[in-house]
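In what follows, a single structure is set out as structure tokens and then discussed.
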Amino acid sequence: MKANEWRVVPGTVYIVGAGPGAPDLITRRGATVLERADLVVYADSLVDARLVAPARQRGARVVGSAALTLDEIVALMAEAARSGQVVARLHSGDPSVYGALHEQIVRLEALGVPWEIVPGVPSFAAAAARLGVELTVPGLVQTVILTRTAGRTPMPDRERLSALAAHGATLAIHLSITRVRRVVEELLAGGYPPETPVAVLYKVTWPDEQVLTGTLADIADNVRAAGFTRHALILVGPALGARRAAPEARSHLYSPTHAHRFRPTRKRGGAVERRGTVVVAVTRQGADLALRLADALGAEARVPASFAAGYPERAYQGSAVAEIRRCWSRYRALVLVMATGVAVRAVAPLVRHKAEDPAVVCLDEAGRYAIPLLGGHAQGANDLARRVAALTGGEAAITTASDVQNRVALDLVGREQGWQVAPGSRLKEAMAALVNGQTLGLFVDPLLPEGVRGTASSLLDDPCIVPVSAVEELKADGLAAGLVVTGRRVQPEGHVALVVYHPPVLYVGVGCRRGVSADEVLKAVERVLEEAGLARESVAALATAEAKRDETGLKEAARLLGVPLLVLPHEVLQRVPAGVLSPSAAQEHLGLPGVAEPAALVASAGVLLVPKQRVGRCTVAVAVGEGNR
């Protein structure tokens, strides 16, 4: 047997999750335990008897536990295990959730009886599958809370439903169906609006399964009419209505802007598609202002239906909080015409990261003060607040220290030109040093093209930023932080608050054999960049010859790198002087002086940085420049 191979061991008690009910939803491991068990002790009031029927038919001892006490159950299992039998203790769902698991384990250990847990499909997961919903929808909710109401088992005060409801998460409420009216009252008290979607699932995946859907406003009456008194799970939260409320919500995992080891970020031209600005109001006076502002800003407006006479396309139903949640992932900027407290409570559960969140500006209904709440720099909320204030005759309440002091916004440096901040950069610390009047050093790599160096040198307009001639000088005493603009890889470790910017200046020429895979191309490019000490984040494009136009491996590699593939005509490549190129077999096969080196030079309109390198079935060269525009 292999070291990591699992097997059933006689003399062991296996605590098995049976799943939600359907016999085919038990795990393969759980089914294996049942097939080999000599004793099956199952929760007969909760587990479908079809699951244990095969064990009973082959002669195994099958005992229902509903009528037994804990001590009787443990004694029964311990006796069988000590005699060398395989014992299956079968729980509904997954035993880790309301499975009375802890006390059984403690007693088995005290008796010296070996035990093992075999997980099962939990009821909340089966319920979500039955409803066809995701419980964690980007822009709406990212947390699932498993809970119950107090019964014979008390609940700590901090876990009251009203307290949990304040999070705006998806709630899976177990063992509480007989107290459904109390559940609704506590959820409403905790902040869920009456129109919050609710689903109640009775014996999900069983033959007599029933599903009720509704809202907090009507679900209690529906449950009472259906007569549910047990075997029912309550799911509550905005995610249940996401197909209607947020059809455009999407995960960052598969976004072209999200990088990980299997797919690098798509740096240029790969931003998440969002609409522009939306103005959301609550009151009648606020609605009037929102409609005027939206027209002046070229934005959309969302106002309560009762105040949207003549503008049905701008009306929303229900609460403003729910409308803000719907708008969160759809727009680049939100102007909220409402009290600041209302706005803060509405957006707080939605906030993730300043690089992802939309700009949020809060405006009083008289238009006196426009307050950037989120995204002052990163998403342009400060500028939006100024525009709004100019339109209303009010004042933009800008609190961002760098704006107040007219300091450089380090998080925006080079953004419009596609610069990227290297992973590990200490941007927050560097910005804090700058606004506190401390001195920062700036190193601009002479490798960079003239135009890029000019943009970088504009940082020196800030009197707190001074030039240095080498990266190592940034370690000098007297410098609170360092800024580096380069196409090379720089390790931030050992420096004070180092921020590394990578402009898109590297053009990678690639030649390849026919049928090369994307993986081969990526590995070749990464190897050449690594050996040359160049930053992948500074790659602006891959380039190749027209003869390679149909190579899917090249196309896919460029897509995975998040850069364009530049396919260059042969006549253009032939103009590159042969004297500056390495010898190449492309002259014989394609009538070209080469592929990798000429393509890199033409695409970059610059100079060759890394001569042609052969890696497997690929040739790779790197040139640096601002691009052949």
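The values are calculated or read from the model by the stated rules, or taken from the named source; none is laboratory data. Since this is a predicted model, take the numbers as computed values, not measurements. Please note: Cβ atoms are built from the backbone with ideal geometry, for glycine as well, and neighbour counts cover all protein chains shown.
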Among the numbered criteria (1) surrounded by fewer than 22 Cβ atoms within 10 Å (Cβ to Cβ); (2) touching a residue at least 24 places away in the same chain (Cβ under 8 Å), which one does Asp550 miss? (2)
Scanning segment 184-196 residue by residue, those surrounded by fewer than 24 Cβ atoms within 10 Å (Cβ to Cβ) and farther than 15 Å from Arg345 by Cβ turn out to be Glu185, Glu186, Leu188, Pro194, Glu195
Could you check how many residues of segment 186-206 are within 19 Å of Leu233 (Cβ to Cβ) and either charged (D, E, K, R) or under 26 Å from the mean Cα position of the chain (by Cα) (or both)? 7
Would you check if there is a residue in segment 556-574 being part of a helix (DSSP H, G or I), touching a Leu at 6+ places or on another chain (Cβ under 6 Å) and modelled with pLDDT of 90 or more? yes
Can you find a residue in segment 508-522 that is surrounded by fewer than 18 Cβ atoms within 10 Å (Cβ to Cβ), in contact (Cβ under 8 Å) with a residue 40 or more places away in the chain and not in a loop (DSSP other than H, G, I, E, B)? no
Looking only at residues in segment 66-108 that are in contact with a Leu (Cβ under 9 Å, 6 or more places away or on another chain) and of a type in the set (Ser, Thr, Tyr), which one is farthest from Tyr14 (Cα to Cα)? Tyr98
Check on Val97, within 26 Å of His174 (Cα to Cα), over 37 Å from the mean Cα position of the chain (by Cα), outside the structural domain of Leu233 (by TED's automatic domain parsing) and hydrophobic (A, V, I, L, M, F, W, C): no
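Residues in segment 416-429: is at least one in contact with a Ser or Thr (Cβ under 6 Å, 6 or more places away or on another chain) and not assigned by TED's automatic domain parsing to the domain that holds Gly375? Break it down stepwise before answering.
In the first step, residues of segment 416-429 are kept if they are in contact with a Ser or Thr (Cβ under 6 Å, 6 or more places away or on another chain); the result is none.
No, there is no match, as no residue in segment 416-429 is in contact with a Ser or Thr (Cβ under 6 Å, 6 or more places away or on another chain) and not assigned by TED's automatic domain parsing to the domain that holds Gly375.
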Regarding segment 475-487, can at least one residue be identified that is in a loop (DSSP other than H, G, I, E, B) and in the same structural domain as Lys548 (by TED's automatic domain parsing)? no
Would you say Gly591 is at pLDDT below 90 and not in a loop (DSSP other than H, G, I, E, B)? no
Filter segment 139-180 down to residues that are touching a Lys or Arg at 6+ places or on another chain (Cβ under 7 Å), among the β-branched types (Val, Ile, Thr) and outside any strand (DSSP E or B), then give me how many there are. 2
Do we find a residue being of a type in the set (Gly, Ala, Ser), under 19 Å from Gln417 (Cα atoms), out of contact with any Asp or Glu (no Cβ under 6 Å at 6 or more places or on another chain) and part of a loop (DSSP other than H, G, I, E, B) anywhere in segment 446-469? no
If you go through Arg160, Arg107, the only one that is surrounded by 15 or more Cβ atoms within 10 Å (Cβ to Cβ), in contact with a helix residue (DSSP H, G or I) (Cβ under 7 Å, 6 or more places away or on another chain), at negative phi and not assigned by TED's automatic domain parsing to the domain that holds Leu235 is Arg107
Can you give me the number of residues within segment 2-35 that are of a type in the set (S, T, N, Q) and surrounded by fewer than 14 Cβ atoms within 10 Å (Cβ to Cβ)? 1
Here are some conditions: (1) more than 30 Å from Ala49 (Cβ to Cβ); (2) free of Cβ contacts under 8 Å to residues at least 24 places away in the same chain. Val198 meets all but one. Which one does it not meet? (2)
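Residues checked against (1) modelled with pLDDT under 90; (2) touching a helix residue (DSSP H, G or I) at 6+ places or on another chain (Cβ under 9 Å):
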| residue | (1), (2) |
| --- | --- |
| Leu447 | yes, no |
| Cys464 | yes, yes |
| Ala470 | yes, no |
| Asp477 | yes, no |
| Glu493 | yes, no |
| Val510 | no, yes |
| Ser517 | no, yes |
| Arg527 | no, no |
Could we say that Val490 is assigned to a strand (DSSP E or B) and among the β-branched types (Val, Ile, Thr) here? no
Counting just the residues of segment 453-467 that are touching a Gly at 6+ places or on another chain (Cβ under 8 Å) and closer than 21 Å to Leu534 by Cβ, which one comes out surrounded by the fewest Cβ atoms within 10 Å (Cβ to Cβ)? Thr455
Evaluation of Asp295 against (1) touching a Lys or Arg at 6+ places or on another chain (Cβ under 6 Å); (2) in a helix (DSSP H, G or I); (3) over 26 Å from Thr170 (Cα atoms) (one fails), failing number: (1)
